[in-house]
1. Exactly one condition in (1) touching a residue at least 24 places away in the same chain (Cβ under 8 Å); (2) basic (Lys, Arg); (3) open to solvent by 40 Å² or more (accessible area, probe 1.4 Å); (4) outside any loop (DSSP other than H, G, I, E, B) is false for Lys146; which is it?
2. Quick one: Ser200 ticks every box in (1) touching a residue at least 40 places away in the same chain (Cβ under 8 Å); (2) closer than 20 Å to Phe99 by Cα except a single one, so which number is it?
3. Filter segment 264-284 down to the residues that are under 20 Å from Gly317 (Cβ atoms) and either open to solvent by 60 Å² or more (accessible area, probe 1.4 Å) or in contact (Cβ under 8 Å) with a residue 60 or more places away in the chain (or both) and list them by number.
4. Give segment 406-424 a look and list any residue that's under 21 Å from the mean Cα position of the chain (by Cα) and in contact (Cβ under 8 Å) with a residue 60 or more places away in the chain, or say none.
5. For segment 250-274, which residues satisfy the criterion of being more than 17 Å from Ile293 (Cα to Cα) and in a helix (DSSP H, G or I)?
6. Starting from segment 386-401, take each residue that is among the aromatic types (Phe, Trp, Tyr) and list its partners that are open to solvent by 50 Å² or more (accessible area, probe 1.4 Å), counting only C-beta distances under 7 angstrom and pairs at least six apart or across chains.
7. Taking the conditions exactly as written (at pLDDT 85 or above, under 19 Å from Ala237 (Cα atoms), open to solvent by 20 Å² or more (accessible area, probe 1.4 Å) and part of a helix (DSSP H, G or I)), does Gln331 satisfy them or not?
8. Need the failing condition index for Ile293 against (1) open to solvent by 70 Å² or more (accessible area, probe 1.4 Å); (2) in contact (Cβ under 8 Å) with a residue 60 or more places away in the chain; (3) in a helix (DSSP H, G or I), just the number.
Amino acid sequence: MSIIKNREIVQIIRKTLNIANPTIANHSEMVSYLYFKMMQALPEEYPKEELPEYALIGLLHDIGMLVEPNLSEFDSFDTTDPAKHSLYGSMFVKYMFPFPNKAEQVLLNHHLPYNKLYKENIDNQVRKSIYFLAVAEKMDLLRRGKIPNYYFKLFRDVTVSGDAVDHFMKLQAKEKVLDKLANDSYKKEMDVLWDEAHFSDEVIDKLLEMVALFFDMKSPYLLCRTTARVFYADALAERLKLGAWDKQQLHVAAYLADLGLIAVPMDILESTEKLSPESLQIKNTHAILTETILTGCIEDPIVQLAIRHHEFLDGSGYPRGLKKKELTIPQQVLAVADLTAQTLERKNYMAVHEHEYVQDVLDRYVYSGKINDQVVECLLRHYDDMYAEYQKKRVELIGKYQKIQTGYRTFLPRMTELLTQPEV
């Protein structure tokens, strides 16, 4: 049984998006609610067990914006290119979302005008859900003053489905869903939805991986480093014979440890040169931002485990300069796993580092009293087997990354063409 619950992983997704851009995070959450309510009103077409899946899709409908270079600076939805973010989002969920089939189609087409979308070869249930998402998104934009009051009348059956608009207006008259957005009462309904959802442990783990790689998809280096940290944390926990609870906590924390990096500029994260004191300070803030995201979402032992992977036994680490007596064994294991991941992926994501190179780096940290020598001894004793197994996972992950990038480049011209047709 997973130690992280449905509502907790959704809260982490929301708070991570909020660190990236509060406006987009708030918009995504509210669109998710309207989208969910539109389908909840049609139980014969959208069974109760499918609603959490669609609500997640709604929450992630703008996830493609995360690849924008200056997302934190966006203060208007008008500054984004819908072709880019809808296509990239669809490619991301195709390979990273636990329910890819519906999500890929919905994210790809939710900005496509109705008068083009109805010509596409899409399953009828999914097609209708796309119509609903387009209306839900524009209803939130209307209440934010981003589109004019006459929009739905002028563009009926042009950019939005008239039937979907009528369905929403009936829902609004009956349940006052827009009022619930205004007074935040919608959040209670969403909490009930997540609490009653039946996500398997496999789905929860896939969602953990997905949220960990939101930002990492910008960089093969970051992508592989996160995956390596999780792999080596799991492998060390198994070989050190940690208890079942410690293993689970370590696994979850290894995925979530660097969520705060979403607010750090890419030129700092990918630099192969020694960082200036100013840049280093900016980079190191990610641990506190990770703590901000995770606090209140999951149990404190997991939060502390996640944010302490840069602490060293001699007190020279960050964010709080803790020493050996203040650090648990799982926290010390994660520090070694993270250092190993950084060493393997530091300079060139396609480079191959020999066993001796990793051993040299880890030995230097052990000699200076920064990391646990017994954990390092275990890793080096099993290094060849671990490395061979990790390389299989790495190849698989790089393959997904390349498919996402290739699909994006291949289909962007066509998607741009479809979205440049005049609306009337």
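1. Of everything listed in (1) touching a residue at least 24 places away in the same chain (Cβ under 8 Å); (2) basic (Lys, Arg); (3) open to solvent by 40 Å² or more (accessible area, probe 1.4 Å); (4) outside any loop (DSSP other than H, G, I, E, B), Lys146 misses just condition (4).
2. (1)
3. Answer for segment 264-284, where residues must be under 20 Å from Gly317 (Cβ atoms) and either open to solvent by 60 Å² or more (accessible area, probe 1.4 Å) or in contact (Cβ under 8 Å) with a residue 60 or more places away in the chain (or both): Lys274, Pro277, Glu278, Leu280, Gln281, Ile282.
4. Those that are under 21 Å from the mean Cα position of the chain (by Cα) and in contact (Cβ under 8 Å) with a residue 60 or more places away in the chain: Gly407, Tyr408.
5. Leu250, His251, Met266, Asp267, Ile268, Leu269
6. none
7. When the stated conditions are applied, Gln331 does not pass them.
8. (1)
The values are calculated or read from the model by the stated rules, or taken from the named source; none is laboratory data. Computed from a prediction, not measured in an experiment: that's the story for all the values here. When we count neighbours, we look across all protein chains shown, and the Cβ atoms used for this are built from the backbone with ideal geometry, even at glycine. When the accessible area is computed, the model is the full protein with side chains, heavy atoms only, and any ligands, DNA or RNA have been set aside. Shrake-Rupley method; radii C 1.70, N 1.55, O 1.52, S 1.80 Å.
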